[in-house]
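One structure below.
The values are calculated or read from the model by the stated rules, or taken from the named source; none is laboratory data. Values in this document were obtained by computation on a predicted structure and should not be read as measured data. As a convention, Cβ positions derive from the backbone with ideal geometry for all residues, glycine included, and neighbour counts pool all protein chains shown.
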Amino acid sequence: MSVFAPTACPRLIVKVGSSLLVAPDGTVRRGWLASLVADIAARARAGQEIAVVSSGAIALGARRLQLPKGGRASLEDAQAAAATGQIALSQVWAELLGAEGLTAAQMLVTLDDLEDRRRYLNASATLGRLMTLGVVPVINENDSVATAEIRFGDNDRLAARVAQAAGAHGVILLSDIDGLYDANPNTNPHATLIPRVERIDARIEAMADGGSGSGMGSGGMVSKIAAARIATAAGAHLAIVSGHVDHPLAAYDTSGRGTVFVAEKTAPARKAWLAGGLTAKGDITIDAGAAAALLGGKSLLAAGATSVSGGFARGDLVAVIGPDGRTLARGLSEYDMADAIAITGKRSSDHAAILGYAPRAALIHRNHMAVL
């Protein structure tokens, strides 16, 4: 039996990919979507709270505007397609949910809405209130204003971040593939499905394929594993499940076929938010001794830093890079970049003379840091 029983999950996030919702000719696959909405309605009647992260706005808008390359030929085309398609997407969700007696709500978010702590808490409060009222929030990235540099880029990671904000217990990514395989199943007939992942390590990451099978969406297995990191760090299980069947949630309940990434022990909310951050204003690289100290629950001291890069101010989110080049932690810097560079590799007793003011206890205090 799977560790993740979606029907027993009090609050669930369901992500729907573009290739499932939109046909190759740019029209909505209404029959399939109605079957998914019927599944959602059945769960809602049983007392489960569900939010949907729905792709498809760009694909729908591109058809209406007759844009080349599915609306992705340029940033401007994508933004125009999103603005046009989003209204059609929200209408079809509202209509189908309404036919099942459910009220839909639309939330469009940007990366900054969930990376800025205050805005994140506002979004969290809105999601929580909607779901306790029995409303089904339908969430998408606000692609009409997102830029190439400041955006989620895929709805897999957005779904995981939404799960964290909503305090959800599970995430289901309905996809064009039925889970993580140890090799690419499109090219290797002997590829084996991995049913359960307890820990995301280098071996699991090596199995990922960055391509989107349909060519319509923006996500691939790399984005799904990144989403799993965010969700599991926040205490939510995440399942990758095929959406290529009618009633896909009911089908998963019956078959259990997919890949489940098992949730970690729930971290304090602030540390879970830090761990799930997708943007960092800079990097602090550390030596092996400092890496061991962080893994032991210690703060990051300047003496253990070997280099600093980026452009951050005090209080900004920075990534801590281990000696092997992998991101070890994320945290809020106690110093701006210039002062952090000045004290890099120096003992705490030397800081006052270098900086000209009483130094702080650490480059990043353990209370403001999440080890990944």
### Task
Could you tell me whether segment 28-41 includes any residue that is at positive phi, not in a helix (DSSP H, G or I) and not hydrophobic (A, V, I, L, M, F, W, C)?
no
### Task
May I ask you to list the residues in segment 300-325 that are outside any strand (DSSP E or B), surrounded by 19 or more Cβ atoms within 10 Å (Cβ to Cβ) and in contact with a Gly (Cβ under 9 Å, 6 or more places away or on another chain)?
Ala302, Ala303, Gly304, Phe312
### segment 119-128 - residue that is of a type outside the set (Phe, Trp, Tyr) and within 14 Å of Ala163 (Cα to Cα) and, of those, surrounded by the fewest Cβ atoms within 10 Å (Cβ to Cβ)
Ala125
### Task
Would you mind stating whether Gln86 is under 25 Å from Leu75 (Cα atoms) and in contact with a Pro (Cβ under 8 Å, 6 or more places away or on another chain)?
no
### Task
Take segment 276-292 and flag every residue that is out of contact with any strand residue (DSSP E or B) (no Cβ under 7 Å at 6 or more places or on another chain), among the small types (Gly, Ala, Ser) and surrounded by fewer than 20 Cβ atoms within 10 Å (Cβ to Cβ).
Ala288, Gly289, Ala292
### Selected residue [closer than 26 Å to Asp246 by Cβ, of a type in the set (Lys, Arg) and without any contact (Cβ under 8 Å) to a residue 24 or more places away in the chain] from Arg11, Arg29
Arg29
### Complete set of residues in segment 205-229 that are modelled with pLDDT of 90 or more and under 28 Å from Ala42 (Cβ atoms)
Lys224, Ala227, Ala228
### Task
Using the structure shown, decide if Arg199 is part of a helix (DSSP H, G or I) and not polar (S, T, N, Q).
no
### Task
Could you please find all residues in segment 326-372 being assigned to a loop (DSSP other than H, G, I, E, B) and farther than 30 Å from Ile200 by Cα?
Tyr335, Asp336, Thr344, Gly345, Lys346, Arg347, Gly356, Tyr357, Ala358, Pro359, Arg360, Ala361
### Query
Residues of segment 42-62 being in a helix (DSSP H, G or I) and free of Cβ contacts under 8 Å to residues at least 40 places away in the same chain, which ones?
Arg45, Leu60, Gly61, Ala62
### Query
Do we find a residue being at pLDDT 85 or above, of a type in the set (A, V, I, L, M, F, W, C), more than 20 Å from Lys265 (Cα to Cα) and outside any helix (DSSP H, G or I) anywhere in segment 232-244?
yes
### Task
Read through the list (1) over 23 Å from the mean Cα position of the chain (by Cα); (2) buried (at least 19 other Cβ atoms within 10 Å of the Cβ); (3) on the phi > 0 side of the Ramachandran plot, then give the number of the only condition that Gly56 fails.
(1)
